[in-house]
Amino acid sequence: MTHTIQANNYNVYFNEKGYEELNIHLTKNKYSNIFVIVDSSTNEFCLPKLLPYIETDLNVEIIEFEAGEENKNIETCVEIWKVLTELGGDRKSLVINLGGGVVTDLGGFVASTFKRGVDFIHIPTTLLSMVDASVGGKNGVDLGNLKNQIGVINVPAMVIIDTQYLETVPQNEMRSGLAEMLKHGLIYDKKYWEEFLDISTIDFEALDQLIFRSVEIKNEIVKQDPTEKNIRKALNFGHTLGHAIEGYFLESQTKTTLLHGEAIAVGMILESYISLKKDLISAEEYAQIKNVLKAIYEDIIFEEADIEPILELLIHDKKNEYGSIQFALIEGIGKIKINQAVENELILDAFEDYKS
């Protein structure tokens, strides 16, 4: 398989090729020191795999924060900025973010704003961060339960995708990442979507190839529209409602927090239903999407009292423009229609249909 994808002003390298390029990069750029940002989980499971690959005489400092979406906030950033300062971080420092989407989102933001910006490299360690968070230059943190409200678009020096890190990822986390891969098929490549129609037949030996194609799809979209003025909005499919659901479950005292992919899977079913009702997809296509997603992801229980606060969160979605909620809907499997206004009635109907 090919080992490199060219993104906007940086490359995504796969497996061994990534570490070769990392060490070439370290030789070429005269960094003053290297900081590896990890969370408590990747510190234990992934850091021991990474460190032997780094060939350098430089001081490598490890900065760890507590794992979990609830720590993806400005308070954590302030703590890390302080540590970087205490450990002698300067304009010529390099930050390596080793972890899932929380680490790459937050670490990219920390690096982009420290001393007005230092170089950073992403090494995603979960399926979700490999196919989603690591590509496209979005870095940021949550504001309370509002996802990714504070952030910048700024690209890394490189991304290294090494599938050996997936050996320690639990099943539910793998399923969470799979949601973004399914999304990439639904919005851009019908043939790719069809590879997942019978999940039991997927050869996970071929997972490297499936991941490569997923990253390729996201990259093809982002390269056309880095700052999300147009076609990049396609990537928001399932996320308008999905993010609101995720935020609500994160903040609720009585709900179990959902993984990102679990919330997005619900969002994709709801937004496919809306696509159906707007005559953008056929009943057969909708049935196929709903059946595939419901076969992989457990049903989420929504009480009557949950819907109102979820709709409230939609108002704050960063995809809103001029106070109106903009959806990216699918127009047949493999195609997308952006900037679609959706009335509340239709959203309520979608929840009713999901529950049925």
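The values are calculated or read from the model by the stated rules, or taken from the named source; none is laboratory data. In this text, all values refer to a predicted model and were calculated from it rather than measured experimentally. Positions of Cβ are generated from backbone atoms using ideal geometry, with glycine treated the same way; all protein chains shown enter the neighbour counts. Areas reflect the complete protein model, heavy atoms only, side chains present, ligands, DNA and RNA absent. Shrake-Rupley method; radii C 1.70, N 1.55, O 1.52, S 1.80 Å.
From the C-alpha coordinates alone, can you work out the Kirkwood hydrodynamic radius of segment 99-186, in Å?
13.4
Under 10 °C and 1.306 mPa s, how fast does segment 39-198 diffuse according to Stokes-Einstein, given a Kirkwood radius computed over C-alpha pairs? Answer in µm²/s, whole number.
For the chosen part, D equals 97 µm²/s.
Sort largest first and round to whole Å: the equivalent ellipsoid semi-axes of segment 1-105, each the square root of five times a Cα gyration tensor eigenvalue.
Whole-Å semi-axes of the equivalent ellipsoid: 23, 18, 14.
Identify all lysines with a Cα-Cα distance to residue 92 below 19 Å; exclude those on the same chain that are fewer than 8 residues away in sequence.
The reachable lysines, counting only those whose Cα sits under 19 Å from residue 92, are 28, 30, 82, 115.
Show me 42-53, 260-271 ranked by packing, highest mean number of other Cβ atoms within 10 Å first.
Numbers: 42-53: 16.6, 260-271: 26.6.
Those peptides, ordered most packed to least, come out 260-271, 42-53.
Once you place label points 7 Å from the Cα toward the Cβ at residue 45 and residue 58, how far apart are they in nm?
2.8
Mind jotting down a quarter of the surface of the convex hull over the alpha carbons of segment 65-116, in square nanometres, one decimal?
3.4
If amide H atoms are built 1.01 Å from N in the plane of the peptide, which residues on other chains or at least 5 residues away come under 5 Å of the amide H of residue 63?
The answer is 36, 37, 38.
What are the radius of gyration and Dmax of the chain, computed over its Cα atoms and given in Å?
That works out to 20.0, 62 Å for Rg and Dmax.
Which length gain, in nm to one decimal place, applies between residue 227 and residue 86 when the Cα-Cα distance is subtracted from 0.36 nm times their residue separation?
47.4 nm
How large is the convex hull of the C-alpha atoms of segment 229-356 per residue, in Å³? Mind showing how you got there, number by number?
Details: hull volume 13.1 nm³, N = 128.
It is 102 Å³ per residue.
Quick one: Cα convex hull volume of segment 244-312, Å³ per residue?
That works out to 93 Å³ per residue.
Using helices alone, I'd like the mean residue ellipticity at 222 nm for the chain: each DSSP H run of four-plus residues gives -39500 (n - 2.57), total over residue count, nearest 500.
-14000 deg cm²/dmol
Once you put a point 7 Å from the Cα of residue 296 and another 7 Å from the Cα of residue 252, both along the Cβ direction, what distance in nm separates them?
It works out to 2.3 nm between the two label points.
When the accessible area of the chain is split by element with a 1.4 Å probe, what percent falls to carbon and sulfur?
The computed percentage sits at 49.
Filter 278/337; 72/229; 183/233; 190/290; 147/223 down to the pairs with a C-alpha to C-alpha distance above 18 Å, please.
72/229; 147/223
Can you check how the C-alpha radius of gyration of segment 138-234 compares to 2.2 N^0.38 Å, as a plain ratio?
Expressed relative to 2.2 N^0.38 Å, the Cα Rg reads 1.21.
By DSSP, what percent of the beta bridges with both residues in the chain are antiparallel, rounded to the nearest 5?
35
Around residue 65, with a cut-off of 9 angstrom between Cβ atoms, what is the net charge of the other residues, counting Lys and Arg +1 and Asp and Glu -1? Write out the running numbers ahead of the final one.
Details: positive: none; negative: 39, 64, 66, 79.
So the surrounding residues net to -4.
How much accessible area per residue does the chain have, in Å², with a 1.4 Å probe?
Per-residue accessible area for the chain comes out at 43 Å².
Take the Cα coordinates of segment 179-231, assign each an equal point scatterer, and use the Debye formula without solvent to give log10 I(q)/I(0) at q = 0.29 Å⁻¹.
The computed values of log10 I(q)/I(0) come out as -1.20.
Which distance in Å, rounded to a whole number, links the C-alpha centroids of segment 62-79 and segment 1-44?
Segment 62-79 and segment 1-44 have Cα centres separated by 22 Å.
Cβ under 13 Å from residue 114's Cβ, residue 114 left aside: what net charge do those residues give with Lys, Arg +1 and Asp, Glu -1?
Net of charged neighbours comes to +1.
Once the Cα atoms of helix 101-113 and of the chain are each reduced to a long axis, what angle between those two axes, in degrees from 0 to 90 to the nearest 10, is obtained?
Orientation of helix 101-113: about 60 degrees from the principal axis.
Ordered by packing density, taken as the mean number of other Cβ atoms within 10 Å over each peptide's residues, highest first, how do 224-231, 12-19 rank?
Packing order, densest peptide first, comes out as 12-19, 224-231.
Full-extension gain between residue 284 and residue 341, please, as 0.36 nm times their residue separation minus the C-alpha to C-alpha distance.
18.1 nm
What is the dipole size for the chain, taken about its Cα centre, with +1 at each Lys and Arg Cβ and -1 at each Asp and Glu Cβ, in debye to the nearest 20?
Value, rounded to 20: 1400 debye.
Under a point spin-label approximation (7 Å from Cα along Cα-to-Cβ), what is the residue 9-residue 172 distance to one decimal in nm?
The two pseudo-label positions are separated by 3.9 nm.
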